[in-house]
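Below is one structure, written out as structure tokens, with a few remarks after it.
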Amino acid sequence: MTVLPALEASGVVKTFGGTVALADAHLRVGKGTIHALLGGNGSGKSTLIKCLAGVYRADSGRIVVHGEERAAADQTPAVARRSGLHFVHQDLGLFPQLSIAENIALDRGYPTARVLGGVRWSRLEADTAALLERFEIAASPRTPVAALRPSQRSLVAIARALADAGDDAILMLDEPTATLAEHESQELLAALRKRANRGQTIVLVSHRFPEVQGVADDVTVFRDGRVAATDAMSEMPIDRLVAAMTGGAELPHPERTAVRAGSAERLRITGLHAGALRGVDLTLAAGEIVGLAGLGGSGRSSLLRTVFGRLPIRAGSMELDGAPYSPHSAAQAMALDVALVPEDRLGEAAFLDLSVRENTSITVLKRFWRRLAISPSAERSSAEALVAAFGIRTPGIETPLGSLSGGNQQKAILARWLQRAPKLLLLDEPSQGVDVVARSEISAHVVAAADAGAGVIVASSDLDELFALTHRIVVLRAGRIVADLTTSSTTRDEVAHLSMLDSEEGIPT
Amino acid sequence: MSQPVTSRRTPVAEWGERLGLPILLAVIVLFFSVFPASSRAFFSVANLTIVLANQSIIMLVAIALMFPLIAGHFDFSVGAMTVLAAVVCAGTNAQMGLPIAVSILLAIGVGLAVGLANGVLVARLGLNSFVSTLGAATLIGGLIQWYTAGQAIIGIDPALLQFGSRQWLGVPRVLFIVIVVGFAAWYILGHTPFGRSLYAIGSNPRSADLVGLPRMRYTLFAFAMSGLIAGIAGVALTARTGGANPDGGTFLLFPALAAVFLGATAIIPGRFNVVGTVIGVLFVAVSVSGLTLAGAQSWVDAVFNGAALIIAVFVSSVLRKRRAGS
């Protein structure tokens, strides 16, 4: 099938400092088709979208929109818009308390009266009603956006992006279904399919396989900043997609001590319902490292947060070292030697304007108490020792954490918890935004903690990390455990398959 | 990820930054001491004693303000709480005839109670502290007007009056209260787990939750400390003025705010600290006193306070951002 290209990009390169985010990316989107961009975290798909949007300035490459060619480095948001590229980002940029009409007016401008410049509300509502009808959104212009269903909100954002666009506009959607429930996604995708059938060109960034398979005409898979595969969707069976995304090749497993036979059971979870979890059973031995694989929203973070006392338990029970365990706060979990390194380092772990010393000692302040006050010398020597032991590269312990690199910040956060010698260590995406060297250092400390007897649960969307670190991999999908695998006898393909397949489809065992 | 932004500054530059405000204070003292229009009156022992005694109330109010600010919240009611405590102290003693010791305890207790109420509103009920403490300040100002009917209260126990006007070892007696409270605040904020936790809560409340800090309770304590110290400041105010004047307390709040933010530019740059706060109060007071003696009009006071507040907030937020590496 040969379709005229609406959008072509070739040889797009983007580097940040010394890191290559995008190396020689190319993309060809046919007119009136839905083109899916797939890839894991850091694969480069988002970087390409941002280069096309003019948010990032590409180092080199060409962009052709409707036959009009320009250097990728010259792309700006204004140029992108003028040439017919319209973007809807994952954060829709809607104001929930305002009405649909007001949300659209904030983007397009309010129609105003010639005299006094007051807003012509009747005109605005009529325009908005016409727009809503054009996009088949069943809502009144006066409805507050907060009252809409999630898929309708996405459609309002799409309608707003395309309100003044011509027929040949290209719609670029960044993870539009990431925060939607299953049926909401279906509804949105059906609406997108309808628009494409009428000639709308759509580029769809996603990491959900099945839905992309159902709706896209073509697909381009990114891995490590490069295009791993690009073809018609019909030519891409799921095996080929998974192979393209994961690279197929197995990485060598680093040294990892086997769990001692007969190790005591550290944690037992039975029938747990909490957050996104819908009936989870899991056991963990002392010294064992268990990986949690699964897509965003599958319940990985919910599981860790529940064990750390941050989510209420709706049903089910937990046992820690054989005793009933139901923490209601982080403090209670910590009192039983449980530790959590959260996923969002900047938002939930770091005290950026406090020093490295203050950041590491915050979990053990009482240790430095000497009769009347915190002993500055005891605290300082403890911090110095941690900086040395964890290889935290910092000018000194009084340096604010915020001026360290991401990897060194993460090492300091890990040190904050490991100095407590936790019995149960919970890690949520421990190497996110961390360079390769720091990543292996972090892994080494986690393995050492397990060797010292800690039970470790690592949630990660990075299969390399899970395979390098864990004894067992547990795959979560839609709040349930769908597989419990021994790391040494499974493959990345199998784990990738299991986490992405719909539950209706057959599960290879 | 962003590149590390470790700007390696020389030790000289760092010490210059830490000691900038104290050095500036010394320069100003020196200037007004030799400047012909002000020198004679300015450098007299009498003038310095008066400046210190008058500023001791503002120092206390500023120290009270630090606790909620460190936890990330404003407390605009400190001035009003101080005046309320003064009214309670003077009113129960001079008008109701209670013993002065009981009046003092009542005044401090009222300050603590209002601070606790502020804490419940902000920490438990999640109200915005900026608005709720402004509301509390207005409400208290109204109650003070109602109770005093706009009249000053006079006739307190001479013992308290003497405490407020006399000196020990050449130092105004009220300044000893500042020394005790200041030392206690320095100790609590810098050398106890509670104080250290307050800085963490103010830095990132969500991270504080995830390292197991009792954020709500500590935030409530911070407001309670603010009320307690404001209560003590109210007693000191009664001792200084020999009674209580009906007022909303803004004459105390704004110099104290300016001092706390000025203090965050010195000693430990980018962070609220007790020593910096005390120097901040003196800086504003000495400058205004010198300008007044040099013949400036009374409006200089307000202009100087306002300008100092704006500049201090600007500089301390720049320092804070630089610390956070953004």
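The values are calculated or read from the model by the stated rules, or taken from the named source; none is laboratory data. Bear in mind that the values here come from a model prediction, so they are computed numbers and not experimental data. Cβ placement follows ideal geometry from the backbone for every residue including glycine, while neighbour counts extend to all protein chains displayed.
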In the stretch A:365-374, the residues that are more than 8 Å from chain B (Cβ to nearest Cβ) and either part of a helix (DSSP H, G or I) or crowded, with 16+ Cβ neighbours inside 10 Å (or both)
A:Arg367, A:Phe368
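With the condition kept exactly as written, say whether any residue in the stretch A:81-103 is more than 27 Å from A:Ile137 (Cα to Cα), out of contact with any helix residue (DSSP H, G or I) (no Cβ under 7 Å at 6 or more places or on another chain), in the same structural domain as A:Gln200 (by TED's automatic domain parsing) and not hydroxyl-bearing (Ser, Thr, Tyr).
No, the stretch A:81-103 contains no residue that is more than 27 Å from A:Ile137 (Cα to Cα), out of contact with any helix residue (DSSP H, G or I) (no Cβ under 7 Å at 6 or more places or on another chain), in the same structural domain as A:Gln200 (by TED's automatic domain parsing) and not hydroxyl-bearing (Ser, Thr, Tyr).
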Could you please find all residues in the stretch B:211-224 being surrounded by fewer than 24 Cβ atoms within 10 Å (Cβ to Cβ) and either in a helix (DSSP H, G or I) or more than 9 Å from every other protein chain (Cβ to nearest Cβ) (or both)?
B:Arg215, B:Met216, B:Arg217, B:Tyr218, B:Leu220, B:Phe221, B:Ala224
If A:Ser377 satisfies every condition in (1) in a helix (DSSP H, G or I); (2) within 12 Å of chain B (Cβ to nearest Cβ); (3) modelled with pLDDT under 95 but one, which is the exception?
(2)
Which pairs do you get when a residue that is without any contact (Cβ under 8 Å) to a residue 24 or more places away in the chain, found in the stretch A:442-460, comes within reach of a residue that is surrounded by fewer than 19 Cβ atoms within 10 Å (Cβ to Cβ), reach meaning Cβ atoms under 9 angstrom, with the pair 6+ apart or on two chains?
A:Ala444/A:Pro254
Restricting attention to the stretch A:380-401, which residues are among the hydrophobic types (A, V, I, L, M, F, W, C) and either within 12 Å of chain B (Cβ to nearest Cβ) or out of contact with any strand residue (DSSP E or B) (no Cβ under 8 Å at 6 or more places or on another chain) (or both)?
A:Ala383, A:Ala385, A:Leu386, A:Val387, A:Ala388, A:Ala389, A:Phe390, A:Ile392, A:Leu401
A:Gln409 vs. criteria at the interface with chain B (Cβ under 10 Å from one of its Cβ atoms) and out of contact with any Leu (no Cβ under 9 Å at 6 or more places or on another chain)
no
List pairs: first residue in the stretch B:1-26 and assigned to a loop (DSSP other than H, G, I, E, B), second residue surrounded by 13 or more Cβ atoms within 10 Å (Cβ to Cβ) and modelled with pLDDT under 70 anywhere in the structure, Cβ distance under 6 angstrom, at least six positions apart or on different chains.
B:Met1/A:Gly433; B:Val5/B:Gly325
For A:Thr306, work out the one condition from (1) over 25 Å from the mean Cα position of the chain (by Cα); (2) among the β-branched types (Val, Ile, Thr); (3) at pLDDT 95 or above it doesn't fulfil.
(1)
Of all residues in the stretch B:115-124, which are closer than 14 Å to B:His73 by Cα and more than 19 Å from the chain's Cα centre (by Cα)?
B:Val120, B:Leu121, B:Val122, B:Ala123, B:Arg124
Among the numbered criteria (1) surrounded by 22 or more Cβ atoms within 10 Å (Cβ to Cβ); (2) under 25 Å from A:Ala483 (Cα atoms); (3) not hydroxyl-bearing (Ser, Thr, Tyr), which one does A:Glu319 miss?
(1)
Hey, A:Leu106 surrounded by fewer than 21 Cβ atoms within 10 Å (Cβ to Cβ), assigned to a helix (DSSP H, G or I) and aliphatic (A, V, I, L, M) or not:
yes
More than 22 Å from the chain's Cα centre (by Cα) and either closer than 25 Å to A:Gly247 by Cβ or acidic (Asp, Glu) (or both): which single residue out of A:Val434, A:Val447 fits that description?
A:Val447
Residues B:Gly231, B:Gly202, B:Gly195: which one is crowded, with 24+ Cβ neighbours inside 10 Å and within 18 Å of B:Gly119 (Cα to Cα)?
B:Gly231
For the stretch A:333-357, give me each residue that is of a type outside the set (A, V, I, L, M), surrounded by 19 or more Cβ atoms within 10 Å (Cβ to Cβ) and at the interface with another protein chain (Cβ under 7 Å from one of its Cβ atoms).
A:Pro342, A:Glu348, A:Phe351, A:Asp353
Can you confirm whether the stretch A:138-159 contains a residue that is in contact (Cβ under 8 Å) with a residue 12 or more places away in the chain, out of contact with any strand residue (DSSP E or B) (no Cβ under 6 Å at 6 or more places or on another chain) and at positive phi?
no
Please note which helices (runs of 4 or more DSSP H) are completely contained in the stretch A:404-509 and include at least 1 residues that are surrounded by 17 or more Cβ atoms within 10 Å (Cβ to Cβ), at pLDDT below 95 and β-branched (Val, Ile, Thr).
A:436-451, A:492-500
Matching residues in the stretch A:413-428 - criterion: being within 12 Å of chain B (Cβ to nearest Cβ) and either without any contact (Cβ under 8 Å) to a residue 24 or more places away in the chain or aliphatic (A, V, I, L, M) (or both)
A:Ile413, A:Leu426
Residues that are away from every other protein chain (no Cβ under 14 Å): list the helices (runs of 4 or more DSSP H) wholly contained in the stretch B:154-206 that include at least 2 such residues.
B:158-165, B:173-191
All conditions in (1) surrounded by fewer than 16 Cβ atoms within 10 Å (Cβ to Cβ); (2) part of a loop (DSSP other than H, G, I, E, B); (3) at the interface with chain B (Cβ under 9 Å from one of its Cβ atoms); (4) not hydroxyl-bearing (Ser, Thr, Tyr) are true of A:Arg310 except (1)
The one condition in (1) touching a Phe, Trp or Tyr at 6+ places or on another chain (Cβ under 9 Å); (2) facing another protein chain (nearest Cβ under 8 Å); (3) of a type in the set (A, V, I, L, M) that A:Leu404 fails to fulfil
(1)
